[in-house]
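A short worksheet on the structure shown next.
Please treat every number below as a calculation from the coordinates, not as lab data. All of these numbers come straight from a predicted model, not from anything done at the bench. Because the Cβ atoms are built from the backbone with ideal geometry, glycine has one as well, and the counts that use them run over all protein chains shown.
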Amino acid sequence: MNCKRYLALLNEFVECTLPQEVQDDIRAHMETCPRCRVFYRTYSLTITLSRRAENTCCISEDQVDRLCCLLANRLSKK
Amino acid sequence: MSKGTRVPKDTELVGRVKQGDDHAMEEIVKRYSNKVYSLAFHITHNTSAAEEIMQDVFLTVIAKIGTLENDAYFATWLYRVTTNAAYGFLRKEKKYTEQTPMDEIDHEQIVGFDWSELPDDVLLSDESKNIIRRAIDALPESMRTIVIMKDVEGLKNEDIAETLGLSLPAVKSRLHRGRLMLRDTLSVYFSRYANRRDA
């Protein structure tokens, strides 16, 4: 494992979709490479922050009810 | 929901909607309206547009559900219709311009500062949230949609691939590149705190 290959596999590493031996290789590489260790932490945090940066939003029950009425009306005309 | 209540599968509801069952349509709306609205909102950042898109998407469901050959793919079809409608809105409003993807991101240029150790009040400040939102908005569309679907909406890679008509490796690759670009933006932004810590 070198830094270039590590970087290419990082996406799958954080999602734990790599074969176990590759996951282990990456962990071993990070043990010896401080730069890649930092990269892993900041990459993972980027994903977390992306999720938190965007406001959760939802529609009201009134909006759902209005939409259902409109669609029922449209369906009846089909 | 009470114990023992049977929750109909999407395929069953879709089959009934194809027969004109408005109760099935209502169930579909209750199940998916928030997801459709949220995806449209995160692409457009406009509440009234998101509501309008949501309405149009479900009207499209009624008009075109007969063309859906495999009912099991209803959800991904719905997300595809939503995504297309949201980008259609942005193009109409001329609020979106495709940017040139970075072929090669020069990670050597990014300072190796470990900003993951910054306190939460810095990482989660309104300013840093704005930086991230703007960075997501600035991603090329091919990456932006996938980052929103995966990291904001929490969809599975397989569903994103099906929704966008892409291969799974293509989704993973674009997601990775998008995340790398976001990380680079954040690294530049947070590097201002490196000097303060060193001082």
Legend entry - Residue, farthest from B:Leu180 (Cα to Cα), within segment A:31-78, restricted to residues that are more than 7 Å from chain B (Cβ to nearest Cβ) and touching a residue at least 24 places away in the same chain (Cβ under 8 Å): A:Cys33
Legend entry - segment B:13-23: number of residues that are of a type in the set (Gly, Ala, Ser) and under 14 Å from B:Leu68 (Cβ atoms): 1
Legend entry - Single unsatisfied condition, A:Thr48 versus (1) in a loop (DSSP other than H, G, I, E, B); (2) under 30 Å from B:Phe41 (Cβ atoms): (1)
Inset, instruction - Being of a type in the set (A, V, I, L, M) and more than 8 Å from chain A (Cβ to nearest Cβ) is the filter; apply it to segment B:18-46 and report the residue that is farthest from the chain's Cα centre (by Cα). - result: B:Ala24
Inset, instruction - Taking B:Val61 as the residue in question, decide whether it is part of a helix (DSSP H, G or I), within 11 Å of chain A (Cβ to nearest Cβ), touching a residue at least 12 places away in the same chain (Cβ under 8 Å) and touching a Phe, Trp or Tyr at 6+ places or on another chain (Cβ under 7 Å). - result: no
Inset, instruction - Report, by residue number, each residue of segment B:3-33 that is among the polar types (S, T, N, Q), more than 16 Å from A:Leu71 (Cα to Cα) and in a helix (DSSP H, G or I). - result: B:Thr11
Inset, instruction - Could you please find all residues in segment B:137-172 being outside any helix (DSSP H, G or I) and not aliphatic (A, V, I, L, M)? - result: B:Pro140, B:Glu153, B:Gly154, B:Lys156, B:Gly165, B:Ser167
